[in-house]
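Below is one structure, written out as structure tokens, with a few remarks after it.
The values are calculated or read from the model by the stated rules, or taken from the named source; none is laboratory data. Only a predicted model underlies this, so the values are computations on that prediction, with no experimental measurement involved. Positions of Cβ are backbone-derived with ideal geometry, glycine not excepted, and every protein chain shown enters the neighbour counts.
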């Protein structure tokens, strides 16, 4: 597919470990528009890590920050933006995004997410009450429960991309571009 001008911000959503940041970066390189990761922007702006914000201020405070940063970023010129896994839990974020952008859900099966996340130490919501990563069975259970809880909001995306377990970042990005061009010819019309 030839490069076309992107007219709207492309927002990637999906569960933690679904590849939003990696795919977002490659998509941005391919479409020649900037890439931002909402969580990284929050960390940069607040000068601390997201696990620290969760620990010191709590999830409610974090969700307020998230909405604040999102509303500023989404107003600008077209970019590729990856969201944190829980950003769509607030209905107001979904409205904001759908008004200004194309929302893309990277849908990855729970067992694949488990394989990707089982050694990841930086996911506060997967930890137990003591702040430790749980055992394998408990971790898979947590992923399944959290995914079930969030699926409804993810499915409000304009486009859902079903990601196969064997795909690498490039194959996933190709599929996102393919699905996007089918979904919304209006989003990239002008050929260069």
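Considering the range 1-66, the qualifying helices (runs of 4 or more DSSP H), each wholly inside and each with 3 or more residues that are more than 17 Å from the chain's Cα centre (by Cα) and surrounded by fewer than 16 Cβ atoms within 10 Å (Cβ to Cβ), run over 38-46, 50-57.
Scanning the range 156-166 for residues that are outside any strand (DSSP E or B) and either in contact with a helix residue (DSSP H, G or I) (Cβ under 6 Å, 6 or more places away or on another chain) or surrounded by fewer than 18 Cβ atoms within 10 Å (Cβ to Cβ) (or both) returns 156, 163, 164, 165, 166. You will find that of 183, 162, the residue that is at pLDDT below 90 and within 30 Å of residue 33 (Cα to Cα) is 183 and no other.
Within the range 88-105, one or more residues are within 19 Å of residue 54 (Cα to Cα), in contact with a helix residue (DSSP H, G or I) (Cβ under 9 Å, 6 or more places away or on another chain), assigned to a helix (DSSP H, G or I) and modelled with pLDDT under 90. Can you confirm whether residue 82 is within 15 Å of residue 103 (Cα to Cα), touching a strand residue (DSSP E or B) at 6+ places or on another chain (Cβ under 6 Å), in contact (Cβ under 8 Å) with a residue 12 or more places away in the chain and surrounded by fewer than 20 Cβ atoms within 10 Å (Cβ to Cβ)? Against the criterion (within 15 Å of residue 103 (Cα to Cα), touching a strand residue (DSSP E or B) at 6+ places or on another chain (Cβ under 6 Å), in contact (Cβ under 8 Å) with a residue 12 or more places away in the chain and surrounded by fewer than 20 Cβ atoms within 10 Å (Cβ to Cβ)), residue 82 does not qualify. Can you say whether residue 91 is within 24 Å of residue 10 (Cβ to Cβ) and loosely packed, with under 13 Cβ neighbours inside 10 Å, as far as the supplied structure shows? Yes.
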